[in-house]
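Only one structure is covered here, and it is reproduced in the block below.
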Amino acid sequence: GTRIIYERAFLMNLKNSPLSR
Amino acid sequence: KLPALEISPGEHKLQYNYCLWYHKGSMTKFKSPNDYSKSLHCIGRCASVEQFWSLYCHLVRPSTLKPYRELHLFKSGIKPMWEDPSNVKGGKWVIRLRKTKIDRAWENACMAMLGEQFLVGPEICGIVLSTRFPEDLLCVWNRTSTDQSSINRIRDTLRRVLNLPPNVAVDYKPHCDCLK
């Protein structure tokens, strides 16, 4: 299947998302 | 055997699930792999980016850990031991870093692994942070110590994501050398 690739900037943006708390 | 991790709507699934292990080492060597295995504790798991952050944000910064502590972020199903079937033919890249550099390096290495930046498919087993004195160690474990193209790619990605100056050495060590 497709490989799920995330750039660092994208991952960092999710650090403070409500779902990450 | 742990139950499967669930992902809530809106979360961003990772390519692999991971387990974070903590190990409090000592100067004395473990007598057997079994003793070492018992000293490893799974302190959390993640299947999505959000689950990783909620775990990560509860951890103290690596630079504040005492010497001879280890954090292992490994793919689910792979125990961070040389003897694990996924590791037994593998090896690791080792980077020595000053305490002032380790927090950022650990975070960037985790990001690269979770985001599949190494582009070596299932070759990556996990990442280890080992606190020592005066420097700490950051290691990336892979499955196949004879897979030169994957090994080179892991090294080049590490150099790039950690922004390592050319004078910082990166050494490869097959696990079989450690098992001897």
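Brief remarks follow.
- Packing here is the average count of other Cβ atoms within 10 Å per residue, and on that basis the peptides B:116-127, A:2-13, B:61-72, highest first, run B:116-127, B:61-72, A:2-13.
- Peptide A:10-21 is shielded by partner chain Cβ atoms: per residue, an average of 6 of them sit within 10 Å of its Cβ.
- Residue-wise HN-Hα coupling along the range B:130-144, computed from phi with Karplus coefficients 6.51, -1.76, 1.60 (Hz; x: Gly, Pro): 10, 8, 9, 9, x, 10, 9, 10, 10, 10, 10, 9, 10, 6, 10
- The range B:18-134: C-alpha gyration tensor shape, a/c 1.5 cut-off, then a/b vs b/c: rounded
- Charge-dipole axis of chain B as Lys and Arg at +1 and Asp and Glu at -1 on Cβ define it, positive-most pick from B:Pro67, B:Ala109, B:Pro174: B:Pro67
- Ranking of B:Lys75, B:Lys89 by count of other Cβ atoms within 10 Å, fewest first: B:Lys89, B:Lys75
- A simple spin-label model places pseudo-atoms 7 Å from Cα toward Cβ; at B:Lys89 and B:Cys42 they are separated by 2.5 nm.
- Förster radius 25 Å - calculated FRET efficiency between B:Ser8 and A:Lys15, Cβ distance, rounded to 0.05: 0.90
- Under the Karplus curve 6.51 cos²θ - 1.76 cosθ + 1.60, θ = phi - 60°, whole-Hz ³J(HN,Hα) for the range B:163-168, x wherever Gly or Pro sits: 6, 6, x, x, 7, 7
- Couplings for the range A:9-21, taken from phi via the Karplus curve 6.51 cos²θ - 1.76 cosθ + 1.60 with θ = phi - 60°, read 4, 5, 5, 5, 4, 7, 4, 9, 6, x, 6, 8, 9 Hz in order; Gly and Pro are left as x.
- Magnitude of the charge dipole, the protein assembly as shown, Cβ model with Lys/Arg +1 and Asp/Glu -1, debye to 20: 500 debye
- Point-charge dipole on Cβ atoms (K/R +1, D/E -1) for chain B, about Cα centre, debye to 20: 560 debye
- Span from the the range B:1-57 Cα centroid across to the chain A one, whole angstrom: 18 Å
- Look at the stretch B:11-17: the mean tally of other chain Cβ atoms within 10 Å of its residues' Cβ atoms is 3.
- Long-range amide H partners of B:Arg69 with built H, under 5 Å: B:Gly25, B:Thr131
- When the Cα positions of B:Gly44, B:Phe30, B:Cys19 are compared along the charge dipole of the range B:1-66, B:Phe30 comes out farthest toward the positive end, with charges on each C-beta of Lys, Arg, Asp and Glu.
Readers should treat all values here as calculations from the given coordinates under stated rules, not as data from a laboratory. The shown structure was predicted, so the numbers you read here are calculated from the model rather than taken from an experiment. Don't worry about glycine lacking a Cβ; one is built from the backbone with ideal geometry, like all the others, and counts go over all protein chains shown.
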